[in-house]
1. Looking at the range 106-143, which of its residues are of a type in the set (S, T, N, Q) and part of a helix (DSSP H, G or I)?
2. Does Ala50 count as among the aliphatic types (A, V, I, L, M), modelled with pLDDT of 95 or more and within 23 Å of Met116 (Cα to Cα)?
3. It is to be established whether one or more residues within the range 129-137 are among the hydroxyl-bearing types (Ser, Thr, Tyr) and at pLDDT below 90.
4. Among the residues of the range 31-46, what is the count of those that are small (Gly, Ala, Ser) and crowded, with 18+ Cβ neighbours inside 10 Å?
5. Report, by residue number, each residue of the range 83-104 that is under 24 Å from Phe47 (Cβ atoms) and exposed (fewer than 12 other Cβ atoms within 10 Å of the Cβ).
6. If a residue must be of a type in the set (A, V, I, L, M, F, W, C), farther than 13 Å from Trp44 by Cα and without any contact (Cβ under 8 Å) to a residue 12 or more places away in the chain, how many such residues does the range 55-80 contain?
7. Just checking, does the range 45-56 include any residue being under 22 Å from Ser99 (Cα atoms) and touching a helix residue (DSSP H, G or I) at 6+ places or on another chain (Cβ under 8 Å)?
8. Restricting attention to the range 50-66, report how many residues are surrounded by 11 or more Cβ atoms within 10 Å (Cβ to Cβ) and not β-branched (Val, Ile, Thr).
Amino acid sequence: MKNKFLTLMFVVFSVSTTYAHSADFSTCLLDSLNGEERKLLAKWIYFGMAEHPEIKPYSKITDSDKLESDQFVGDLLSRLLLEDCVDEFKIAQKQNPNSLETAFGSVGEVAMQELMNDRNVINGLTGYTRYLDLQAITNMLAD
């Protein structure tokens with residue numbers, strides 16, 4: 001019984017320590033970005049999404065635009081990993097080889113939030129509400 005308890009405590013401690021190091025790394029990345037960098041990261045994400053065959057016909061992104069954005073992100077990530085968050089990155093990678101992917105998922109979310117808070121984006125994404133049958137939805141929920 002004592003061995004099971006000790007094993008369980010070791011597992012819980014290991015998982016929480018791994019999470020803490022990954023969280024420290026994510027926090028460092030997020031704290032090291034300014035608002036302009038977040039917007040430029042969101043632009044890079046948008047450029048990547050615009051490569052989808054269903055979307056590409058609607059995009060006017062030039063090769064030069066994409067190259068400039070790729071260079072920015074490459075330089076930014078190099079700075080973050082090699083200067084701003086070196087220690088946090090090393091520790092997180094030792095604990096979890098997927099920590100980079102997880103941390104940059106958080107960075108991507110924050111970058112998109114930067115755009116989603118803009119009034120024009122909100123208006124662009126809520127235009128469909130003019131065509132919702134709110135009365136039918138209200139009636140359905142009342143049943």
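1. Ser106, Gln113, Asn120, Asn123, Thr126, Thr129, Gln135, Thr138, Asn139
2. yes
3. no
4. Residues that pass the stated criteria total 1.
5. Glu101
6. Total meeting the criteria: 1.
7. yes
8. 6
The values are calculated or read from the model by the stated rules, or taken from the named source; none is laboratory data. Here the structure is a predicted model, which means the values were calculated and not measured. Please note: Cβ atoms are built from the backbone with ideal geometry, for glycine as well, and neighbour counts cover all protein chains shown.
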